[in-house]
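Values in this text are rule-based calculations from the coordinates and carry no lab data. It should be emphasised that the depicted structure is a prediction, and the values quoted were computed from it without experimental measurement. Virtual Cβ from ideal backbone geometry, glycine too; neighbours counted across all protein chains shown.
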């Protein structure tokens with residue numbers, strides 16, 4: 001194994017902490033009830049995730065389409081969505097970093113492996129997510145980031161997983177991707193020829209669930225997967 005690719009949201013960073021901050025700021029800008037804002041955001045997220053699972057939509061507009069969809073649901077100018085996401089990034093606290101995330105990145109990096117971050121975008125650009133990773137010290141262990149609005153593709157599209165491989169001249173079978181979404185992260189990585197690790201909080205431990213795939217209960221268990229891979233000369 002030469003390269004480990006990490007998903008971002010609900011793998012390294014807590015999406016709920018970011019969405020909570022976004023809902024607060026958007027409700028202030030709109031002068032609306034925060035409950036209504038949260039409901040609208042959840043509706044928009046569900047619609048977008050469904051479209052991406054079916055690989056619908058223009059990958060070149062992954063960010064813009066999600067921002068415009070949210071603005072359309074609230075019948076507001078998209079500029080308010082952009083302002084709210086900027087405010088949220090500035091105000092969210094260190095609770096956004098998931099337990100074990102920094103340790104996992106650090107330990108993988110100490111093994112001499114290339115570490116990348118491969119993430120979709122929704123409502124805010126990848127540059128904002130990169131800022132959060134930098135702000136809370138996670139980028140110290142990351143060699144390069146790949147976000148959907150910059151790659152012009154989104155998970156589970158194979159291009160999202162192959163871009164990091166080309167950047168570091170690594171073959172698919174020499175790389176593993178870990179993430180919390182089975183369709184986007186696990187199945188997407190397998191389709192692109194990588195090894196895959198699905199973070200399932202209900203899992204009791206590390207379990208092989210595919211010829212090239214594992215299930216783990218938390219991000220730190222990527223270290224156990226790497227040891228298994230090493231023991232089997234993967």
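The table for this structure:
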item: DSSP bridge pairs, the chain: antiparallel proportion in percent, nearest 5; result: 20
item: In degrees, nearest ten, helix 101-110 long axis to first principal axis of the chain (Cα); result: 40
item: Residue 91-residue 33 FRET efficiency (beta carbon distance; Förster radius 25 Å; 0.05 resolution); result: 0.80
item: Value of Rg/Rh across the chain [Cα atoms, Kirkwood radius]; result: 0.97
item: On Cα atoms only, tilt of 62-74 relative to the major axis of the chain in degrees; result: 30
item: At 1.002 mPa s and 20 °C, Stokes diffusion of segment 162-234 via Kirkwood alpha-carbon radius, µm² per second; result: 176
item: Residues 74, 168 arranged by fewest to most Cβ contacts within 10 Å; result: 168, 74
item: Sorted by Cβ neighbour density within 10 Å, fewest at the top, the residues 202, 215; result: 202, 215
item: Sum of -39500 (n - 2.57) over DSSP H runs of 4+, divided by residues of the chain (222 nm, nearest 500); result: -14500 deg cm²/dmol
item: Segment residue 82-residue 55, extension gain: residue separation times 0.36 nm, minus the distance between their alpha carbons; result: 7.3 nm
item: The chain: most fluctuating residue of 51, 139, 160 per GNM, C-alpha cutoff 10 Å; result: 51
item: Sequence-separation-based contact order of segment 15-94, relative, with Cα cut under 8 Å and 6+ spacing, percent; result: 45
item: Two-site FRET efficiency, residue 127 against residue 169, from Cβ-Cβ distance with R₀ of 25 Å, rounded to 0.05; result: 0.45
item: Order of 5, 66 - criterion: other Cβ atoms within 10 Å of each residue's Cβ, fewest first; result: 66, 5
item: GNM flexibility winner over the chain from 126, 40, 188 (Cα, springs under 10 Å); result: 40
item: Pairwise FRET efficiency - residue 106 versus residue 2, Cβ, R0 = 22 Å, nearest 0.05; result: 0.75
item: Kirkwood hydrodynamic radius (C-alpha pairs) into Stokes-Einstein, segment 15-94, 37 °C and 0.692 mPa s, D in µm²/s; result: 254
item: Tilt relative to the chain, helix 126-135 - C-alpha long axis, 0 to 90 degrees, to 10; result: 70
item: Extension reserve of the residue 220-residue 208 stretch, reckoned as 0.36 nm per residue once the Cα distance is removed; result: 2.7 nm
